[in-house]
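S.K.: Dropping the structure in here first, questions after.
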Amino acid sequence: MDLVVIGLNYKTTPLELREKFSLTRKRHREILKEVGPKSAVAGVVILATCNRTEFYLAVENLDIEVDELANYLFNLISDFDSISLDRYLYSYQGMEMIEHLYQVVSGIDSLVIGEAQILGQVKNSFEISQELGLVDKYLYYTFTESFRVAKRVRTETGIGIGATSVSYAAVKLAKKIFGSLEGETVLILGAGKMSELALKSLVDNGVKGVMVANRTYSRAQKLAQKFSGEVIRWKQLADWINKVDIIIGSTAAPHYVLHYDLVKKAMEERRGPLFLIDIALPRDIDPKVIDIPGVHLYDIDDLEGVIEYSLGKRKEELAKVESIITEEKANIREWLKQQEIIPLIKTIRAEANAIKKRELARAVKKLSKENNEAVLKDLAHRLTNKLLHQPTVKIKELGSDDISKEQLSLIKKIFMGQ
């Protein structure tokens, strides 16, 4: 069985291309169902976040080019020119795939080093594949081990100390722009986890005027109440663009929710600049609004320049994280080796059981006609000869070819435990 990951992320791919490969919950499941039935694919987990889209696969006899497999998988999400996409994709196989997964769940492959949200996203993706029956024993063991590794990393290192998130980085950007957020008014688009994290950071930084807008009013209401904010009905969104200083886009919409014409009209009636921070993927805000006088637009990729990686404590902890990953890789490597030998053991046992059944049936027939002790002795003798015949022949063949000390030592370990 071959373990493979094929993907693209914020390190390799610009935002305008990444968003083409984002997935709604519905489409996520649909693609899993398309990949799953392929005869060569024994298991598949898709991880799709604002910073990456990755296919984790367990493949029977990977006898096709990885590039060919990559083109097939990503074409399921969006049509593209495969030649232009090749330079953005990466792939890892075997232990490199496992190492990559361990780095992802540990938060050290994230835009924000040490962020904890990625672990929950990986677990959710794993559970979706499980529900659809698309997790074989190799992916099951690999992913459950990765969750244990992530827990070790959080417990035994300080990689999460002072760790931030994309939402936190968005607020940090707003604070950099305004100097202080006290007295500023902020409108959050969306009521999901990222919106909640952003709201928490905003309130912690002194923002009092917080508004929440979401297509589902009850969800917006619930989130706003948690932070003593105000709820804006989605159909009234246009009326509030003039009344806030900052708008943060964080919905799960598959299209723009703030369009050029809407913002342009609002800016014609507005005094002062409007700051838009888009942390959604696909993006919530039409990038063309940057051309409107007075509008300042920032997206996820712009956040990289303002994220402070806590070069002190968290960078120092990276070596500890990598040490844990190296140790855990050795453990799973041992398990994978065992899986390779298990089919052989099963075959050997099946053959031994077949011999046992034949010889036992032969002995049972004789028990009523011959001396029981003689029958049992004959059974023991025949079983010994039958079970050892093939190994003995092969050992003799090796001996005739000048058997090495290492081979002889291995034979002794197998048959005599020495």
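The values are calculated or read from the model by the stated rules, or taken from the named source; none is laboratory data. Note that the structure is a prediction, hence the values are computed from the model and not measured. Heads up, the Cβs are rebuilt from the backbone with ideal geometry, glycines too, and the neighbour counts pull from every protein chain shown. These accessible areas exclude ligands, DNA and RNA; they are computed on the full protein's heavy atoms, side chains included. Shrake-Rupley method; radii C 1.70, N 1.55, O 1.52, S 1.80 Å.
S.K.: Just to be sure I understand the model, the point goes 7 Å from the Cα along the line to the Cβ. What's the resulting residue 416 to residue 290 distance in nm?
M.R.: Placing both labels 7 Å along Cα→Cβ, they lie 7.6 nm apart.
S.K.: Right, here's the next one. Which order do you get for 239, 299, 284 if you rank them by accessible area with a 1.4 Å probe, largest at the top?
M.R.: Working: 239 90, 299 35, 284 0 Å².
From most accessible down to least: 239, 299, 284.
S.K.: Now a separate question. For the chain, set up a Gaussian network in which alpha carbons nearer than 10 Å are linked by springs, and say which option among 167, 218, 195 fluctuates the most.
M.R.: In this elastic network of the chain, the residue with the biggest mean-square fluctuation among 167, 218, 195 is 218.
S.K.: Kirkwood Rh, Cα Rg: Rg to Rh for the chain? Walk me through the numbers on the way to the answer.
M.R.: On the way: Rg = 30.3 Å, Rh = 25.7 Å.
Rg/Rh for the chain comes to 1.18.
S.K.: Hey, another quick one. Can you work out the accessible area per residue across the chain, with the rest of the protein chains kept in place, probe 1.4 Å, in square angstrom? Walk me through the numbers on the way to the answer.
M.R.: Working: 22250 Å² over 418 residues.
Result: 53 Å² of accessible area for each residue.
S.K.: Taking the chain as a Gaussian network, where each spring joins two C-alpha atoms under 10 Å apart, which residue of 89, 69, 297 fluctuates the most?
M.R.: Checking each option, the largest mean-square fluctuation is seen for 69.
S.K.: Additional query: Find which of 246, 307, 287 sits farthest along the positive direction of the dipole of segment 244-338, computed with +1 on the beta-carbon of Lys and Arg, -1 on that of Asp and Glu, about the Cα centre.
M.R.: Looking along the dipole axis, the top candidate is 307.
S.K.: For residue 65, what accessible area in Å² do you get when you roll a 1.4 Å probe over the heavy atoms of the protein chains, rounding to the nearest 10?
M.R.: Accessible surface of residue 65 is approximately 130 Å².
S.K.: Oh, and also: For segment 368-418, give the magnitude of the charge dipole about the Cα centre (Cβ charges: +1 Lys/Arg, -1 Asp/Glu; no others), in debye to the nearest 20.
M.R.: Values: 9 positive and 7 negative charges, 25 e Å.
Result for segment 368-418 is approximately 120 debye, rounded to the nearest 20.
S.K.: Distance in nm between label sites at residue 255 and residue 393, each 7 Å beyond Cα in the beta-carbon direction?
M.R.: So the two model labels end up 7.2 nm from each other.
S.K.: Also: Which is farthest toward the positive dipole end of the chain among 409, 210, 318, measuring Cα position about the Cα centre, with Cβ charges +1 (Lys, Arg) and -1 (Asp, Glu)?
M.R.: Going by the Cα projections, it comes out as 409.
S.K.: I'd like to know which of 41, 128, 80 lies farthest towards the positive end of the charge dipole of segment 31-138, counting +1 on Cβ of Lys and Arg and -1 on Cβ of Asp and Glu.
M.R.: The Cα lying farthest towards the positive end belongs to 128.
S.K.: Assigning unit charges at the beta carbon (Lys, Arg +1; Asp, Glu -1) and nothing else, what dipole magnitude in debye, to the nearest 20, does the chain show about its Cα centre? Please list the in-between numbers first.
M.R.: Details: 60 positive and 58 negative charges, 431 e Å.
With Lys and Arg at +1 and Asp and Glu at -1, about 2080 debye.
S.K.: Test of understanding: what is the full-extension gain from residue 34 to residue 358, defined as 0.36 nm times their sequence separation minus their Cα-Cα distance? Can you show the working numbers first?
M.R.: Details: separation 324, 0.36 × 324 = 116.64 nm, distance 4.63 nm.
Extra length from residue 34 to residue 358 when fully extended: 112.0 nm.
S.K.: On to the next question. Going down the list 193/329; 356/377; 38/337, which pairs span over 21 Å between their C-alpha atoms?
M.R.: On the way: 193/329 32 Å; 356/377 14 Å; 38/337 25 Å.
Where the Cα-Cα span goes over 21 Å, the pairs concerned are 193/329; 38/337.
S.K.: Still on this structure, I have one more. For residue 264 and residue 302, what is the calculated FRET efficiency with R₀ set at 25 Å and r taken between the beta-carbons, to the nearest 0.05? Intermediate values should be presented prior to the final figure.
M.R.: Details: r = 21 Å, r/R0 = 0.85.
Efficiency at R0 = 25 Å is approximately 0.70.
S.K.: Right, something else. If you restrict to DSSP beta bridges whose two residues both lie in the chain, what percentage is antiparallel, to the nearest 5? Don't skip to the answer; put the middle values down first.
M.R.: Numbers: 19 of 42 bridges.
Within the chain, antiparallel bridges account for around 45 percent of the total.
S.K.: Right, something else. Which value in nm describes the separation of the simple spin-label points at residue 349 and residue 226, placed 7 Å from the Cα toward the beta carbon?
M.R.: About 4.9 nm, to one decimal.
S.K.: Choose one answer from 348, 31, 177: the residue with the largest mean-square fluctuation in a GNM of the chain with alpha-carbon springs under 10 Å.
M.R.: Maximum fluctuation in the GNM of the chain, among the listed residues, is at 348.
S.K.: Given a Förster distance of 35 Å, report the FRET efficiency between residue 216 and residue 342 from their Cβ-Cβ distance, rounded to the nearest 0.05.
M.R.: Values: r = 49 Å, r/R0 = 1.41.
Approximately 0.10, to the nearest 0.05.
S.K.: May I pose another question? Give the angle, between 0 and 90 degrees and rounded to the nearest 10, that separates the Cα long axis of helix 313-367 from the longest principal axis of the Cα atoms of the chain.
M.R.: For helix 313-367, the angle is close to 30 degrees.
S.K.: Can you figure out the FRET efficiency of residue 11 with residue 327, using R₀ = 22 Å and their beta-carbon distance, to the nearest 0.05? Don't jump to the answer; show the numbers that get you there.
M.R.: Numbers: r = 25 Å, r/R0 = 1.15.
It comes out at approximately 0.30.
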